[in-house]
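**Student:** Once you've had a glance at the structure underneath, I'll fire off some questions.
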Amino acid sequence: MLECSPFCLSDIPLPFSPTPPAPCGGHYSTPSGVILSPGWPGYYKDSLSCEWVIEAEPGRSIKITFDRFQTELGYDFLEIHDGQNLLSPLVGSFNGTQVPQFLFSSSNFLYLLFTTDNSRSNVGFKILYESVTVDSYSCLDPGIPVNGIRYGQDFSIGSTVSFGCDSGYRLSHEEPLVCEKNHWWSHPLPTCDGKSFQSTYL
């Protein structure tokens, strides 16, 4: 029987196997989880069209939290729809680094569509989701715009909340949100846009 030499291959440690890149799309039905942009933790690729569907148990809602978000500004978009497909109501279309703290669905489905152009990319996104219980007498927390503030903490049916922006930003729409009888807010969460470009060398 041959003895292994000091350079026997069995003694050489195998190289570390990295985590495979995140897939382009999928269907998620676990109570909680993570959705990653394709290629995460590396940059995503050009010319993508990726679809995800998050499904919770009937009677529950879905909360998503943005842990990381950075796409090519003006060209690579993540659309989120309140339902099972692209025809469901649009919750928001996000690009660059401007995303809310979190979003809720009004039903037990959320649909996400990520599209990229044919040049330049970025790190993409890491989104946490969880199934939550819907209160029968109120709307879910609408969130607070990035670079903004919210006025009002009452989310019961018939209540209103309004928003403002930090200095140098402008609110996309100033109409207050009303919690309606169907447990939906009357309008999507506004955004704070248009930061004034001022010299940082003054």
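A short reminder: the numbers here are calculations on the coordinates, not readings from a lab. Here the structure is a predicted model, which means the values were calculated and not measured. All Cβ positions, glycine included, derive from the backbone under ideal geometry; neighbour counts span all protein chains shown.
**Student:** Once both labels are modelled 7 Å past Cα along the beta-carbon direction, what's the Thr65-Tyr151 spacing in nm?
**Tutor:** 2.9 nm
**Student:** Once every Cα of segment 25-134 carries one equal point scatterer and solvent is ignored, give the base-10 log of I(q)/I(0) from the Debye formula at q = 0.17, 0.19, 0.21 Å⁻¹, two decimals.
**Tutor:** After summing over all Cα pairs, the log10 values are -0.73, -0.91, -1.10.
**Student:** Between the alpha-carbon centers of segment 101-132 and segment 44-63, tell me the distance in whole angstrom.
**Tutor:** Between the Cα centre of segment 101-132 and that of segment 44-63, the gap is 6 Å.
**Student:** Return the FRET efficiency for the residue pair Ser172, Tyr43: r is the Cβ-Cβ distance, R0 is 30 Å, and the value is rounded to the nearest 0.05.
**Tutor:** In this case the efficiency is close to 0.55.
**Student:** Calculate the FRET efficiency for Asn118 and Leu86 from the Cβ-Cβ distance with a Förster distance of 30 Å, rounded to the nearest 0.05.
**Tutor:** 0.90
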